[in-house]
Amino acid sequence: MNIVMPNFASVLPEMFVLGMACAILVIDALLSGRRKVITYSLSQLTLLGALILTVMHSGEKEVVTFGGTFVRDTMGDFLKVFIYVITAVVFLYSRDYIKSRGIDKGEYYVLGLFGMLGMMIMVSAHSLLTIYLGLELLSLSLYALVAFQRDNAVASEAAMKYFVLGAIASGMLLYGMSMLYGVTHSLDIGKIASYIASHQEQQMILAFGLVFVVVGLAFKLGAVPFHMWLPDVYHGAPTSVTLYIGTAPKIAAFAMAIRLLVDGMQGLAAEWQAMFMVLATLSLAIGNIVAIAQTNMKRMLAYSTISHVGFLVLGILAGTREGYVASMFYTITYAIMALGAFGIILLLSRKGFESDQLDDFKGLADRSPWIAFLMLLIMFSMAGVPPTVGFYAKLMVLQTVIDVDMLWIAIVAVLFSVVGAFYYLRVVKLMYFDKPSGSGSLIEAGIDTRVIVSSNAILVLLLGLFPGGLIALCRLAFA
Amino acid sequence: MFEANLSLTIWIPVIGGLLILIAGDKWSRQLALLFSVATFVISIPLWTQFDSGTAAMQFVEKRPWVDTFNIYYHLGVDGFSMPLIVLTTFMTVIVVISAWEVIKKRPAQYMAAFLIMEGIMVGVFSALDAVLFYIFWEAMLIPMFLIIGIWGGPNRVYATIKFFLYTFLGSVLMLVALIYLYLKTGDTAAARSFSILDFHKLPLTLTEQIYIFLAFLLAFAVKVPMWPVHTWLPDAHVEAPTGGSVILAAIMLKIGGYGFLRFSLPITPDASRELDWLIILLSLVAVVYIGLVALVQKDMKKLIAYSSIAHMGFVTLGLFIAFAIFSNPEIAGQSARFKTAALGIEGAMVQMISHGFISGAMFLCVGVLYDRLHTREISAYGGVANVMPKFAMFMVLFAMANAGLPGTSGFVGEFMVIISSFSANIWYAFLAATTLVIGAAYTLWMVRRVLYGEVANDNVATLKDIGTREYFMLALLAIAVLLVGVWPAPITEVLHSSVNNLLQHIAVPKY
């Protein structure tokens with residue numbers, strides 16, 4: 001029997017993260033309560049190591065290894081780097097938060113790392129099974145993280161909902177994958193693609209399988225009508241976990257969509273484009289309209305996420321290289337904006353005061369003008385108002401959509417973004433035009449958190465003024 | 001003198017605004033005055049070194065910005081944009097002076113917002129790249145949103161959100177149109193461009209042009225504002241602080257008119273020809289109906305806001321009357337048509353400049369009264385001239401100008417547009433000319449009720465006349481109003497080449 005040795009060099013980052021996560025789990029068990037800082041530092045070191053390993057091997061040619069189940073390419077490397085950076089920032093924001101809430105356990109970081117490993121696998125998956133593996137690793141870690149504050153009823157409820165709905169979605173995805181396997185006799189994405197290209201006659205069953213795959217995907221992305229879990233989970237989870245769920249997994253889900261639909265089922269593009277069109281339109285509509293009625297900041301941002309997913313999906317459905325580039329740019333900038341928005345909520349909160357009600361932002365400009373200004377930048381960016389990066393993200397997506405003659409959907413998208421502007425403006429209104437009410441929040445966060453939050457929001461402005469570099473990088477990923 | 005430089009005119013006030021934010025409240029006024037005067041001085045060479053013999057863009061700067069989409073940092077001015085830039089820098093100086101003692105709440109932020117907005121507005125007038133234009137156009141909303149929301153009147157939140165959403169709604173469809181045009185400029189990404197000048201040359205079918213025209217129309221009509229999308233303006237004006245109203249009326253409304261000149265007319269001339277009746281109709285409705293609405297206002301600011309809409313009706317009328325003139329068979333010869341059409345467009349431009357001065361001055365006058373009695377109700381005043389003679393002199397002058405009295409700038413533009421519309425259709429001219437009656441009626445009636453008669457109540461009796469600062473700022477505007485009124489040649493001269501070039505461009509079908 002001829003055994004081909006897999007190319008271990010291209011999975012070094014994954015192996016490193018896996019090894020470190022296990023090691024941290026063991027080391028943490030041996031540490032006394034006061035020395036938890038070691039766990040934190042080791043986690044950050046892991047991220048740094050993974051970053052170095054990934055960058056070291058980047059720029060090389062695409063490598064498919066492990067019997068065709070794993071792929072290392074520019075897009076994957078690039079997205080992974082972003083995932084590391086975002087996870088690092090999430091850990092940094094979380095440190096003070098979990099300490100003051102009494103959930104300062106080593107498992108928090110370990111679960112975070114395992115979740116990240118799941119995302120890395122999703123990003124680099126080249127087989128249906130690998131995708132599923134990565135997805136489940138991510139989801140299981142996130143379920144546990146949501147329930148991390150276990151005596152909190154809201155959080156437990158959110159975790160339960162997330163778990164049940166997530167399990168159903170995973171089931172759907174798996175069912176769809178089994179259909180695909182049944183027809184194509186392969187789990188390898190490359191082989192599936194070539195099979196679909198050469199067998200046009202079995203479209204019926206393939207499309208049947210595709211529907212379930214898209215449902216699973218839409219659930220993970222949070223596109224309407226598979227968005228029910230999103231507001232509850234965002235709301236119920238500890239803010240530091242919401243921060244995590246709202247940012248990095250979106251990048252992984254984007255990668256999953258590209259791997260499954262673009263790399264694997266390009267031959268069925270007409271089918272999934274039609275489905276995505278429905279998802280996009282509904283997401284834009286429901287996300288933007290329902291967000292107006294929210295009084296909780298985290299819930300509002302959850303619905304705002306849904307509307308952003310609508311835009312993200314638009315880029316993919318254009319079905320051109322420019323569209324994928326635009327969608328990737330959108331995903332990354334969205335992650336940056338969400339990181340900033342939740343980061344500011346974290347920054348303003350303290351023990352016993354979550355600062356997640358919209359009213360908690362009243363008069364913020366009087367209390368801490370700098371933070372209010374940062375939030376203003378992020379809100380305008382989410383609304384897509386120049387000179388922030390949100391504008392370029394929308395511009396790129398709209399441009400690709402119009403390029404493929406889907407003018408009407410571009411018009412729908414911009415009209416709903418006007419609706420969306422209203423609730424972002426309301427946050428600005430609360431901060432700048434209203435008098436402070438009730439408990440003014442003292443900012444307790446450390447200097448590191450403040451610096452990162454500030455640079456995060458300033459980045460939103462800088463990328464808006466000079467988007468060229470990031471656009472060029474995104475194009476490189478789809479060269 | 002030093003070289004004219006557009007970038008400096010844009011970025012000096014922006015940097016100044018940021019410096020003021022850092023420096024804090026204490027020296028904010030002095031710094032703001034310094035930067036606004038500096039910007040004004042920097043903008044003067046734009047006028048003195050302007051070559052009025054050419055319609056080409058001048059003082060051009062072009063640097064690559066976003067390579068993948070061929071977006072350039074591309075600036076330049078012609079006869080349409082240059083006067084508006086100088087108007088912007090001039091009015092900002094006035095606004096800074098007007099806020100000197102009046103703004104007590106967060107003065108540094110107030111001054112910074114105006115300076116940053118000044119830079120952005122100059123950017124709107126000088127951008128020659130569509131994305132750059134759009135960025136400035138939208139970015140302008142942010143400072144104005146904050147100005148109305150923070151320093152405005154009791155109902156400011158409603159007004160400012162309405163203002164933002166209205167203008168945002170108008171501009172997003174323009175964005176779609178701009179992207180469409182970009183995609184039309186070439187088949188590959190490398191061949192495409194966002195240059196507005198390239199857009200001018202695009203051959204477009206009539207159907208395409210009509211859709212693009214309507215998208216532009218929504219954006220610019222909201223800004224101008226034209227009836228029936230004008231309803232944000234009275235709210236925004238009434239709630240805005242004095243400086244905000246001045247900038248809104250003097251500059252922001254002009255951006256709508258400028259948009260027609262830079263985008264709608266040259267990019268979609270055939271659609272403009274097809275739909276000229278619509279614009280002319282809406283303009284006449286604005287002139288007549290909104291004029292009548294102004295007549296019944298009880299609030300001074302609201303009255304001036306409605307009068308602004310009516311006056312801006314002349315601008316849109318003057319811009320689109322050209323098409324009615326072209327299609328009028330009674331005018332013999334192409335050159336005669338060009339001459340009368342040019343009169344309309346130049347009249348519209350003069351009207352924009354003049355309205356910038358007059359409406360700004362009128363809002364400042366109301367501001368002077370409001371600072372003293374904290375009410376804008378006409379009925380709360382009466383006999384103010386008895387206690388404030390110097391103020392009354394200025395207010396009467398500006399009111400006369402607002403009513404279009406010969407010798408003031410208000411007369412020149414309106415007269416040119418009316419003359420021009422005579423050649424198109426006598427009924428257009430007749431309806432437009434009713435403004436001379438209605439405008440005089442609402443303005444002078446307000447002046448009579450506020451300034452003349454017996455001293456109405458004890459509050460009015462205690463009024464103090466204007467001080468040196470207020471005198472100075474109103475005098476500057478009075479000089480401008482009279483100067484343009486008796487000697488409009490400097491403005492029209494600058495316009496000639498650009499107007500002729502535009503007319504030649506729009507006279508022939510594009511497809």
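The values are calculated or read from the model by the stated rules, or taken from the named source; none is laboratory data. Nothing here was measured: the structure is a model prediction, and the numbers come from that model. Note that each Cβ is placed from the backbone with ideal geometry, even for glycine, and that neighbours are counted across all protein chains shown. Only protein heavy atoms, including side chains, enter the accessible area calculation; ligands, DNA and RNA are left aside. Shrake-Rupley method; radii C 1.70, N 1.55, O 1.52, S 1.80 Å.
Observations on the structure shown:
- Spans of helices (runs of 4 or more DSSP H) in the stretch A:406-479 with at least 2 residues among the hydroxyl-bearing types (Ser, Thr, Tyr): A:407-433, A:447-465
- Residues of the stretch B:200-223 that are within 15 Å of residue B:130 (Cα to Cα) and part of a helix (DSSP H, G or I): B:200, B:201, B:212, B:215, B:216, B:219, B:220.
- Exclusive hit being assigned to a helix (DSSP H, G or I), out of contact with any strand residue (DSSP E or B) (no Cβ under 7 Å at 6 or more places or on another chain) and farther than 21 Å from residue A:106 by Cβ, set A:53, A:18, A:48, A:42: A:53
- Just one of the listed residues (B:39, B:68) is within 14 Å of chain A (Cβ to nearest Cβ), among the β-branched types (Val, Ile, Thr) and open to solvent by less than 50 Å² (accessible area, probe 1.4 Å), namely B:68.
- Here residue A:225 qualifies as assigned to a loop (DSSP other than H, G, I, E, B) and either closer than 19 Å to residue A:280 by Cβ or open to solvent by less than 10 Å² (accessible area, probe 1.4 Å) (or both).
- Subset of the stretch A:228-266 that is within 16 Å of residue A:307 (Cα to Cα) and not in a helix (DSSP H, G or I) - its residue that is farthest from the chain's Cα centre (by Cα): A:228
- Residues in the stretch A:463-477 that are among the hydrophobic types (A, V, I, L, M, F, W, C) and without any contact (Cβ under 8 Å) to a residue 24 or more places away in the chain were compared, and the one that is farthest from the other protein chains (Cβ to nearest Cβ) is A:466.
Yes or no, residue by residue, for (1) over 19 Å from residue B:440 (Cβ atoms); (2) buried (at least 20 other Cβ atoms within 10 Å of the Cβ); (3) under 21 Å from the mean Cα position of the chain (by Cα):
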position: B:265; (1), (2), (3): yes, yes, yes
position: B:269; (1), (2), (3): yes, yes, no
position: B:299; (1), (2), (3): yes, no, no
position: B:312; (1), (2), (3): no, yes, yes
position: B:319; (1), (2), (3): yes, yes, yes
position: B:336; (1), (2), (3): yes, no, no
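- Of the helices (runs of 4 or more DSSP H) lying entirely inside the stretch B:250-339, those containing at least 2 residues that are β-branched (Val, Ile, Thr) span B:276-285, B:300-326.
- Set B:146, B:197, B:173: member being farther than 16 Å from residue B:247 by Cβ, in a helix (DSSP H, G or I) and either open to solvent by less than 10 Å² (accessible area, probe 1.4 Å) or at the interface with chain A (Cβ under 10 Å from one of its Cβ atoms) (or both): B:173
- Selection status of residue A:294, under 22 Å from residue A:405 (Cβ atoms) and open to solvent by 10 Å² or more (accessible area, probe 1.4 Å): no
- Residue tally, condition within 11 Å of chain B (Cβ to nearest Cβ) and within 15 Å of residue A:311 (Cβ to Cβ), over the stretch A:391-406: 11
- If the condition is being open to solvent by 10 Å² or more (accessible area, probe 1.4 Å) and within 11 Å of chain A (Cβ to nearest Cβ), then the stretch B:149-164 contributes B:151, B:152, B:156, B:157, B:158, B:161, B:162.
- Checked against the criterion of being of a type in the set (A, V, I, L, M, F, W, C) and open to solvent by less than 10 Å² (accessible area, probe 1.4 Å), the stretch A:29-44 has no qualifying residue.
- Residues being within 19 Å of residue B:297 (Cβ to Cβ) and open to solvent by less than 20 Å² (accessible area, probe 1.4 Å) - total across the stretch B:369-400: 8
- Residues considered: B:456, B:433, B:403, B:440. Of these, the only one that is among the small types (Gly, Ala, Ser) and at pLDDT below 85 is B:456.
- Single condition residue A:415 does not satisfy, out of (1) farther than 22 Å from residue B:130 by Cβ; (2) within 8 Å of chain B (Cβ to nearest Cβ); (3) not β-branched (Val, Ile, Thr): (1)
- Any hit, the stretch A:358-366, residues being within 11 Å of chain B (Cβ to nearest Cβ), modelled with pLDDT under 90 and farther than 15 Å from residue A:330 by Cα: yes
- For the stretch B:130-143, the set of residues classified as more than 10 Å from every other protein chain (Cβ to nearest Cβ) and aromatic (Phe, Trp, Tyr) consists of B:133 only.
- Boolean, residue B:218 is free of Cβ contacts under 8 Å to residues at least 60 places away in the same chain, within 11 Å of chain A (Cβ to nearest Cβ) and open to solvent by 20 Å² or more (accessible area, probe 1.4 Å): no
- Whenever a residue of the stretch A:254-268 is in contact (Cβ under 8 Å) with a residue 12 or more places away in the chain, its partners that are open to solvent by 10 Å² or more (accessible area, probe 1.4 Å), lying with C-beta atoms within less than 6 angstrom and at least six residues away or across chains, give the pairs A:264/A:193; A:267/A:197.
- The set of residues in the stretch B:43-77 being of a type in the set (A, V, I, L, M) and in a strand (DSSP E or B) consists of B:60, B:66, B:71, B:75, B:77.
- Count of the stretch B:1-38 residues, restricted to those that are of a type in the set (D, E, K, R) and part of a helix (DSSP H, G or I), is 1.
- Filtering B:116, B:120, B:179 for residues that are in contact with a Gly (Cβ under 9 Å, 6 or more places away or on another chain) and either open to solvent by 10 Å² or more (accessible area, probe 1.4 Å) or at the interface with chain A (Cβ under 10 Å from one of its Cβ atoms) (or both) leaves a single hit, B:116.
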